[in-house]
Amino acid sequence: MAEVLYFAKSVEITGVRSETISVPQEIKALQLWKERETRHPGLADVRNQILFAVHQEYVELGDQLLLLQPGDEIAVIHHYYSGG
């Protein structure tokens with residue numbers, strides 16, 4: 001089990017600040033995000049604005065493998081590109 005923490009726009013979309021989820025110990029970041037989108041379809045609208053923070057490190061939504069332990073926190077962080 002892991003705790004997903006939502007911030008900013010993702011709180012508005014999901015209606016929750018956190019939720020406990022069951023995840024395997026090894027999961028790709030994008031796969032985890034897709035599971036969040038399945039539960040909260042509105043999150044698809046902000047996919048390009050999201051990073052995870054796991055073990056106090058930022059993780060982009062891609063093929064990076066997350067190594068999770070029971071009780072880990074996964075923060076959903078919004079970032080914005082300012083063009084250029």
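What to note about this one:
- Scanning region 1-21 for residues that are in contact with a strand residue (DSSP E or B) (Cβ under 7 Å, 6 or more places away or on another chain) and either of a type in the set (Val, Ile, Thr) or open to solvent by 80 Å² or more (accessible area, probe 1.4 Å) (or both) returns Met1, Val4, Phe7, Lys9, Thr14, Val16, Arg17, Thr20, Ile21.
- Qualifying residue in region 1-16 (condition: polar (S, T, N, Q), assigned to a helix (DSSP H, G or I) and farther than 16 Å from Leu66 by Cα): yes
- Considering (1) touching a residue at least 40 places away in the same chain (Cβ under 8 Å); (2) assigned to a loop (DSSP other than H, G, I, E, B); (3) open to solvent by less than 40 Å² (accessible area, probe 1.4 Å), the lone condition that Pro24 does not fulfil carries the number (3).
- For Tyr58, the conditions (1) among the aromatic types (Phe, Trp, Tyr); (2) free of Cβ contacts under 8 Å to residues at least 40 places away in the same chain; (3) buried (at least 16 other Cβ atoms within 10 Å of the Cβ) all hold with the exception of (3).
Okay, residues lined up against (1) touching a strand residue (DSSP E or B) at 6+ places or on another chain (Cβ under 6 Å); (2) modelled with pLDDT of 95 or more:
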| site | (1), (2) |
| --- | --- |
| Arg39 | no, yes |
| Ala44 | no, yes |
| Asn48 | no, no |
| Ala53 | yes, yes |
| Glu57 | no, no |
| Asp63 | yes, yes |
| Leu66 | yes, yes |
| Ile74 | yes, yes |
| Tyr81 | no, no |
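- Per the conditions (1) open to solvent by 40 Å² or more (accessible area, probe 1.4 Å); (2) more than 17 Å from Met1 (Cα to Cα); (3) touching a Phe, Trp or Tyr at 6+ places or on another chain (Cβ under 8 Å), the sole criterion not satisfied by Asp45 is (3).
The values are calculated or read from the model by the stated rules, or taken from the named source; none is laboratory data. Note that the coordinates shown come from a computational prediction; the quantities given were computed from them, not determined experimentally. Note: ideal-geometry Cβ built from the backbone for every residue, glycine included; neighbour counts use all protein chains shown. Note: accessible area is taken over every heavy atom of the protein model, side chains too, but ligands, DNA and RNA are not part of it. Shrake-Rupley method; radii C 1.70, N 1.55, O 1.52, S 1.80 Å.
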